[in-house]
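The values are calculated or read from the model by the stated rules, or taken from the named source; none is laboratory data. Quick caveat: nothing in here was measured; it's all calculated off a predicted structure. Using ideal geometry, Cβ is built from the backbone for each residue, glycine included, and neighbour counts are taken over all protein chains shown.
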């Protein structure tokens, strides 16, 4: 019997926090490791563990002493939403239509909603190929309790199949089965760009006179103050890290859990955030192993955010789907070290741009596909920072000097090449230097190969991109309702129910008797008592299906 039945479900029930009680999770011969991600926002490696002791960070210092510091880790974008889409899907944003910042909504926090440049930008969601899942679904299907506290920002509506909990209360402590392995993400925005001005009235923890001013900034009191505020926020963030470590210790889990610490991209300051320079892409990564492996050591292998999803599957002993575009850098399926990492810059709020970057361990190549566009374009959100206002005013007054003027050029070169060892701030463009022609050719070829292999959609106008994502007219498709397959809804003893959706690649969530607890469907369900079975189908980038239900009634034999 195949049944598809929709019910009118109150929205507030559907949106209740999610928890997992998946029946009969698959077993593994070895205990599955607990994993915690401590993620921060808008922060380059401004930490003593990475050579910068301006801020005092005792908890991160401890984590570094007990873990492995990765010194060559790079985001695939200098801004959060594309970066987070890559982390959760294991796909480059430029492949799935997630490269622009942002795609799903306009916000008055960025500019007044009457702004014509914002109004002209279409809204849409990224749509990966049908086989693509949030990597946490694979963990949940294996029996992991997966929590996210709490940022998503994936450029698509987070599927209810991705997390057992995704809220500001999400925590491994909420799992009902305390023997279940967990994957828990804790994110803090204390170091976010916005906190430079939002915390302007709080006491400084770091003396602005002690900070280093990069050569593309003037040595101005406001510049020093905002850099000092960023360092002060890093000190506050360190307390957040300490809280998570303390909770793991309190629960007796610290030595039974792999702990990751990293930032979603580089610093939130101007010419850092949103850019393909290392200041916008280079992030700290520390990994602490339960057995103390590698404690206090440094790993300089090239790692990209695109590698995180396959690495998580490798660490947990799960097969790695062929569609993933990265490679595992840990676990039994660890790949050989990569030669290059790649990055992209596209529209940032209303500011149109298109640039691609490729980096080896020393040299950075940038290809500007819109060289006619200025570096500093219309971006109201960034301009709320007083440091940026000082740069604008000094540019208008003609008082910026030397490298400070470069970023305010009205056009960009077609290509940029930097020796990041000799020129870490990426000021001296070597693209026209004949001494570096071989390196330029090498990285240019690597970029072209990557662009073709990953099917980069960056130069497609967004009005056309929306139609390609939601063909043929740019109207968001709806995931087909769930169908229930079972012998009969009246049963004796038990009944097996199979759930399906006609939408290719759809994931399915189900719940018994109450939609307060959604579970990931990964295998046929065995029902042993009278129940109402609810189900909803989800494909990334599509609208969720309606909630379907069926009444299953257990009857006693005569």
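What the table shows:
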quantity	calculated
Residue count, segment 152-203 (criterion: more than 16 Å from the chain's Cα centre (by Cα), in a strand (DSSP E or B) and over 28 Å from residue 545 (Cβ atoms))	1
Residues satisfying the stated conditions in segment 410-446, i.e. under 19 Å from residue 370 (Cα atoms) and over 31 Å from the mean Cα position of the chain (by Cα)	410, 431, 432
Check on residue 284, in the same structural domain as residue 102 (by TED's automatic domain parsing), on the phi < 0 side of the Ramachandran plot, modelled with pLDDT of 95 or more and surrounded by fewer than 17 Cβ atoms within 10 Å (Cβ to Cβ)	no
Residue satisfying condition, being free of Cβ contacts under 8 Å to residues at least 40 places away in the same chain, under 24 Å from residue 96 (Cα atoms) and in the same structural domain as residue 426 (by TED's automatic domain parsing), within set 319, 374, 350	319
Residue match in segment 324-341 (condition: crowded, with 17+ Cβ neighbours inside 10 Å, closer than 25 Å to residue 51 by Cβ and in contact (Cβ under 8 Å) with a residue 60 or more places away in the chain)	yes
For residue 417: the one exception among (1) under 28 Å from residue 158 (Cβ atoms); (2) in contact (Cβ under 8 Å) with a residue 40 or more places away in the chain; (3) in contact with a helix residue (DSSP H, G or I) (Cβ under 7 Å, 6 or more places away or on another chain)	(1)
Any chance residue 224 is over 30 Å from residue 476 (Cα atoms), without any contact (Cβ under 8 Å) to a residue 24 or more places away in the chain and part of a helix (DSSP H, G or I)	yes
Total residues in segment 389-414, condition in contact with a helix residue (DSSP H, G or I) (Cβ under 6 Å, 6 or more places away or on another chain) and outside any loop (DSSP other than H, G, I, E, B)	1
Test: residue 106 is closer than 26 Å to residue 515 by Cα and either at pLDDT below 95 or not in a loop (DSSP other than H, G, I, E, B) (or both)	no
Test: residue 468 is part of a strand (DSSP E or B) and under 25 Å from the mean Cα position of the chain (by Cα)	no
Filtered residues of segment 133-151 (kept if assigned to a loop (DSSP other than H, G, I, E, B) and within 18 Å of residue 505 (Cβ to Cβ))	133, 134
Any chance residue 374 is part of a loop (DSSP other than H, G, I, E, B), at pLDDT below 95 and either in contact with a strand residue (DSSP E or B) (Cβ under 9 Å, 6 or more places away or on another chain) or closer than 30 Å to residue 225 by Cα (or both)	no
Residue ID - nearest to residue 75 (Cα to Cα), chosen from residues in segment 300-320 that are assigned to a loop (DSSP other than H, G, I, E, B) and out of contact with any strand residue (DSSP E or B) (no Cβ under 7 Å at 6 or more places or on another chain)	320
Matching entry among 130, 122 (being modelled with pLDDT under 95, over 15 Å from the mean Cα position of the chain (by Cα), assigned to a loop (DSSP other than H, G, I, E, B) and surrounded by fewer than 20 Cβ atoms within 10 Å (Cβ to Cβ))	122
Residue check, residue 266 at positive phi and outside any helix (DSSP H, G or I)	no
Which listed residue is closer than 28 Å to residue 147 by Cβ and either in contact with a strand residue (DSSP E or B) (Cβ under 6 Å, 6 or more places away or on another chain) or not assigned by TED's automatic domain parsing to the domain that holds residue 306 (or both), from 242, 266	266
Condition met for residue 306 (more than 23 Å from residue 45 (Cβ to Cβ) and at pLDDT 95 or above)	no
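Here is a yes/no grid of residues against (1) in contact with a helix residue (DSSP H, G or I) (Cβ under 8 Å, 6 or more places away or on another chain); (2) surrounded by fewer than 23 Cβ atoms within 10 Å (Cβ to Cβ); (3) in contact (Cβ under 8 Å) with a residue 24 or more places away in the chain:
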site	(1), (2), (3)
31	no, yes, yes
34	yes, yes, yes
38	yes, no, yes
53	no, yes, no
61	yes, yes, no
64	yes, no, yes
68	no, yes, yes
71	yes, yes, yes
76	yes, no, yes
